[in-house]
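These notes concern the structure reproduced below.
The values are calculated or read from the model by the stated rules, or taken from the named source; none is laboratory data. As the structure is a prediction and not an experimental result, all values here were calculated from the model. Reconstructed Cβ throughout: ideal geometry from the backbone, glycine too, with neighbour counts over all protein chains shown. SASA here: full protein model, heavy atoms, side chains in, ligands and nucleic acids out. Shrake-Rupley method; radii C 1.70, N 1.55, O 1.52, S 1.80 Å.
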Amino acid sequence: ARLPDRISYPMYYQLQRRFGALRSGRIDPTSRLQFGIDFCKKIGELSRSPKGATFFEVGTGWRLNVPLACWLCGAERVITVDLNRYLKPELIAEDLEFIRQNQTQLAGRFRGQVASFFDETRWQRLVRYQSSNTHEFCEMIGVEYHAPGDAADTTVPNGTIDYHISCNVLEHIPSEVLSRIFAEAARILRPEGLLVHRVDHSDHFSHTDSSLSAIHFLRYSDAQWRRLADNRYGYVNRLREEDYLAIFAESGHRAAFVESETDHRVRRHLAEGFPLNNRFQKHDPDGLAHTASLFVLVP
């Protein structure tokens, strides 16, 4: 992370590609497609529809599976914005190959959970698609990719977005920037629009080190955490569920629905005297045990 951009980004990608989560053979779009299904399902439960809608995604990442799921549920257009141009054609190609090889199982997810939205014609176009051209693929699925781009300062006209979404991105953004992003969301969202955001509250190092608790990083002061992980690849803001709700409210959004995932091991760790830093001792133990949240907000 300390290297110049022209060296740092390619090196980080190659490390991830050879030794990390992007290793060939580990590419599996299922979870991100499922998150997209979950988003569209919640939209339907609130008497809205993704069909013909315009989505705005905060944080594209390496691949396009959440926008792809939205397109398969009828989205007309997905504007996706990222500070860094991470999108990789070879990863998209591997995702598409996985989809072709597992099309019965994956189509069954859509038919079983969002049958009223699932577009069978688009699905057939997808599984037959063979080009390796990322621009052509984005055009086919109605994606507009902007990177580098700033979700807090867009050129999107007022009141033109139906759904403002993100998946496991907000935890990597400082709180003051989140406030600006959601103020901008208030400007670009239609009055009847929705915001649907999934946040991972857990210590991300615990994903690959089973010896760490999901709240392991809450033992450190802000100064200690900055020394350990305040860089472009390791940064996590450590905000808890109630902190996000406060930011959303200050930006003009009300929570219509919050679905929390609870890690019961965290409750046990806290009961056994887990050493929380002072910053986090004000939080209710039940709230600290929420390791992920799906927020559905209305303007």
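Go through (1) open to solvent by less than 10 Å² (accessible area, probe 1.4 Å); (2) in contact with a helix residue (DSSP H, G or I) (Cβ under 7 Å, 6 or more places away or on another chain) for Ala229 and report which single condition fails.
(2)
Just need a number here: residues in the stretch 283-299 that are under 23 Å from Phe182 (Cβ atoms) and either part of a loop (DSSP other than H, G, I, E, B) or open to solvent by 70 Å² or more (accessible area, probe 1.4 Å) (or both).
Within the stretch 283-299, residues that are under 23 Å from Phe182 (Cβ atoms) and either part of a loop (DSSP other than H, G, I, E, B) or open to solvent by 70 Å² or more (accessible area, probe 1.4 Å) (or both) number 2.
For Arg23, indicate whether it is surrounded by fewer than 19 Cβ atoms within 10 Å (Cβ to Cβ), of a type in the set (D, E, K, R), modelled with pLDDT under 95 and closer than 21 Å to Ala151 by Cα.
In short, no.
Of the residues in the stretch 1-25, how many are over 21 Å from Glu94 (Cβ atoms), of a type in the set (A, V, I, L, M) and part of a loop (DSSP other than H, G, I, E, B)?
Count: 2.
How many of the residues making up the stretch 39-54 are over 22 Å from Thr121 (Cα atoms) and assigned to a helix (DSSP H, G or I)? Quick ask: steps written out before the conclusion?
Just the residues of the stretch 39-54 that are over 22 Å from Thr121 (Cα atoms), to begin with: 42, 45-47.
Now drop any that are not assigned to a helix (DSSP H, G or I), which leaves 42, 45.
Of the residues in the stretch 39-54, 2 are over 22 Å from Thr121 (Cα atoms) and assigned to a helix (DSSP H, G or I).
Within the group Phe137, Phe110, which residue is farther than 20 Å from Leu170 by Cα, open to solvent by less than 30 Å² (accessible area, probe 1.4 Å) and in contact with a Ser or Thr (Cβ under 8 Å, 6 or more places away or on another chain)? Reasoning before the result, please.
On the way: Phe110 fails: in contact with a Ser or Thr (Cβ under 8 Å, 6 or more places away or on another chain).
Going through Phe137, Phe110 in turn, just one is farther than 20 Å from Leu170 by Cα, open to solvent by less than 30 Å² (accessible area, probe 1.4 Å) and in contact with a Ser or Thr (Cβ under 8 Å, 6 or more places away or on another chain): Phe137.
With the condition kept exactly as written, say whether any residue in the stretch 235-242 is touching a residue at least 60 places away in the same chain (Cβ under 8 Å), open to solvent by 20 Å² or more (accessible area, probe 1.4 Å) and in a helix (DSSP H, G or I).
No, every residue in the stretch 235-242 fails to be touching a residue at least 60 places away in the same chain (Cβ under 8 Å), open to solvent by 20 Å² or more (accessible area, probe 1.4 Å) and in a helix (DSSP H, G or I).
Specify which of the listed residues (Ser206, Ser210, Ser221, Ser132) is in contact (Cβ under 8 Å) with a residue 12 or more places away in the chain, open to solvent by 10 Å² or more (accessible area, probe 1.4 Å) and under 25 Å from Asn237 (Cα atoms).
Ser221
Rundown of residues vs (1) open to solvent by 50 Å² or more (accessible area, probe 1.4 Å); (2) free of Cβ contacts under 8 Å to residues at least 60 places away in the same chain; (3) under 29 Å from Gly234 (Cα atoms), yes/no style:
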site: Ile141; (1), (2), (3): no, no, no
site: Asp150; (1), (2), (3): yes, no, yes
site: Tyr163; (1), (2), (3): no, no, yes
site: Ile188; (1), (2), (3): no, no, no
site: Gly193; (1), (2), (3): no, no, no
site: Val196; (1), (2), (3): no, no, yes
